[in-house]
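Bear in mind these aren't lab numbers, they're just calculated from the coordinates by the rules spelled out. Note that the structure is a prediction, hence the values are computed from the model and not measured. Neighbour counts are summed over all protein chains in view; Cβ atoms, including those assigned to glycine, are modelled from backbone coordinates with ideal geometry.
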Amino acid sequence: MAMMPKRVKYRKSQRGKVRGNAQRGNAVAMGEFGLQALEGGWLSAEAIEAGRITASNFIRGEGRLYIRVFPHKSVTAIPLETRMGKGKGEPEYWAAVVKPGTILYEVAGIPESAARECLARVAYKMPFKCRFVTRRPNV
Amino acid sequence: MVETVPLPTRPRDQFGSKNARRLRQQGLIPGVIYGHKEEVVAVVMSREDLDRVIRKAAHIVDVEYNGKTEKARVRELQWDHLGKEVLHVDLMRVSKDERIVIGIPVVLRGHAPGTSEGGVLDQPIHVLNVECPVLEIPEFIRVNIDHLGLGQAIHVKELTLPPGVVAKADPDAVVVHVKAHRVVEEAAAPAEGAAEPEVIKKAPKAGEEEE
């Protein structure tokens with residue numbers, strides 16, 4: 001089941017714009033390897049779930065998967081063949097706002113070659129260009 | 001022990017993001033030297049020299065500026081949003097007889113038998129904060145996991161640290177453990193109408209009736 005918030009203050013949110021780059025959540029924090037978004041946009045809960053299933057099927061209990069994004073934003077839509085007006089549409093799906101540089105997934109407990117293949121498969125499900133990253137050097 | 005790497009720098013008299021960007025375009029990285037209640041010096045260094053420091057994971061550098069050499073600790077590296085380029089370096093003066101608290105990477109060695117029994121190796125602590133003399137900073141902390149079975153853990157207090165090095169973390173914190181693989185049960189599809197989160201409403205004030 002796709003992720004969504006348990007409780008919200010407002011059901012509908014304004015669209016907003018994805019401005020700037022990720023100033024936080026842009027480094028591998030919990031795992032050893034990560035998948036970094038190189039573009040900004042909305043990542044739907046379904047896409048996050050698709051990536052999770054792909055990675056889980058590849059890892060198969062050997063390593064650990066971390067999902068670093070959460071769909072906090074509701075995206076509304078109006079039904080087809082509806083006249084304009086009559087207010088804002090109903091929530092259609094939930095999405096995470098992703099800025100360039102955001103780490104989307106992290107894996108741990110598997111060798112780098114396996115992590116590369118795993119996250120390459122996940123990247124195929126993502127609506128952005130992504131790249132494989134490792135932990136930053138500890139200096 | 002981590003070796004000390006020389007880091008030649010020269011004073012910087014241009015400040016601000018515009019000048020910093022121009023310096024980076026020339027292959028230079030802006031930085032600052034501070035500490036020990038001495039003057040704060042804005043410096044600039046070549047990217048190649050800094051890359052050498054990062055590649056060798058040198059925590060302590062011999063920073064050269066204004067014709068003198070001082071020992072300094074690489075306190076902070078500012079990276080760009082993609083983590084490709086270093087934007088700025090903070091260098092903090094240290095003396096040879098000082099003890100500092102610093103994060104040291106934890107490196108696992110061996111193969112945990114617990115993973116063959118269906119467990120998943122999890123390492124909650126990748127970098128351990130330790131207190132040690134400036135000139136005796138360990139390169140990494142090696143943890144042997146050859147004996148780690150399913151459900152077993154290695155805590156901070158069980159680590160073998162080099163002499164003079166003291167862990168500055170909770171002694172009962174788990175460094176690495178093998179835990180049973182959690183089978184995620186696929187949740188049943190939610191009923192129509194239940195697919196929306198609960199909306200938080202303001203509680204009515206006392207004495208105020210809901211209309």
Mind checking the mean number of beta-carbon atoms from other chains within 10 Å of the Cβ atoms in A:124-137? 2
Given bins 20 angstrom wide, list per bin the percent of all Cα-Cα distances in the protein assembly as shown, short to long. 23, 47, 26, 4
Roughly what would the spin-label model give for B:Glu139 and B:Arg52, points 7 Å off Cα along C-beta, in nm? 1.8 nm
Long pairs among A:Lys6/B:Lys179; A:Lys99/B:Lys201; A:Lys99/B:Lys84; A:Lys73/B:Lys205, criterion Cα-Cα beyond 24 Å: A:Lys6/B:Lys179; A:Lys99/B:Lys201; A:Lys73/B:Lys205
On Cα atoms only, tilt of A:112-125 relative to the major axis of chain A in degrees: 10 degrees
For region A:45-115, which GluC sites (Glu not before Pro) are in a loop by DSSP, counting at most 13 other Cβ atoms within 10 Å? A:Glu81
Rough spin-label spacing in nm, given labels placed 7 Å along Cα→Cβ, for A:Glu112 and B:Ser95: 4.1 nm
Using Cα atoms only, what is the angle between the long axis of helix A:45-59 and the major principal axis of chain A, expressed in degrees (0 to 90) to the nearest 10? 20 degrees
Per DSSP H run of at least 4 residues, take -39500 (n - 2.57); add these up for chain B, divide by its residues and hand me the 222 nm value, nearest 500 deg cm²/dmol. -2500 deg cm²/dmol
What ranking of B:Glu131, B:Glu39 emerges when the number of other C-beta atoms within 10 Å of each C-beta is taken as an exposure proxy, fewest first? B:Glu39, B:Glu131
Charge dipole of region A:42-112 about the Cα centre (unit charges at C-beta), most positive-ward option of A:Thr82, A:Gly63, A:Gly51: A:Thr82
What residue among A:Thr102, A:Thr82, A:Thr54 has the largest mean-square fluctuation in a Gaussian network model of chain A, using Cα springs under 10 Å? A:Thr82
For a footprinting-style exposure proxy, rank A:Leu43, B:Leu108 by other Cβ within 10 Å, fewest first. B:Leu108, A:Leu43
Just to be sure I follow the definition: excluding the sites themselves, where is the longest run in chain A that has none of the trypsin sites (Lys or Arg not before Pro) in a DSSP loop with at most 16 other Cβ atoms within 10 Å? A:89-128
Rounded to the nearest 5, what % of the DSSP beta bridges within region B:4-95 are antiparallel ones? 75 percent
Within a 10 angstrom radius of the beta carbon, how do B:Arg12, B:Arg55, B:Arg99 rank from fewest other beta carbons to most? B:Arg55, B:Arg99, B:Arg12
Cα to Cα, under 19 Å, and not fewer than 8 places away if on the same chain: which lysines meet these conditions relative to B:Lys68? B:Lys37, B:Lys96
In this structure, the FRET efficiency calculated for A:Thr76 and B:Gln152 from their beta-carbon separation, with R0 = 41 Å, to the nearest 0.05, is 0.25
Reduced to Cα centres, the span from region B:77-143 to region A:79-127 in Å works out to 31 Å
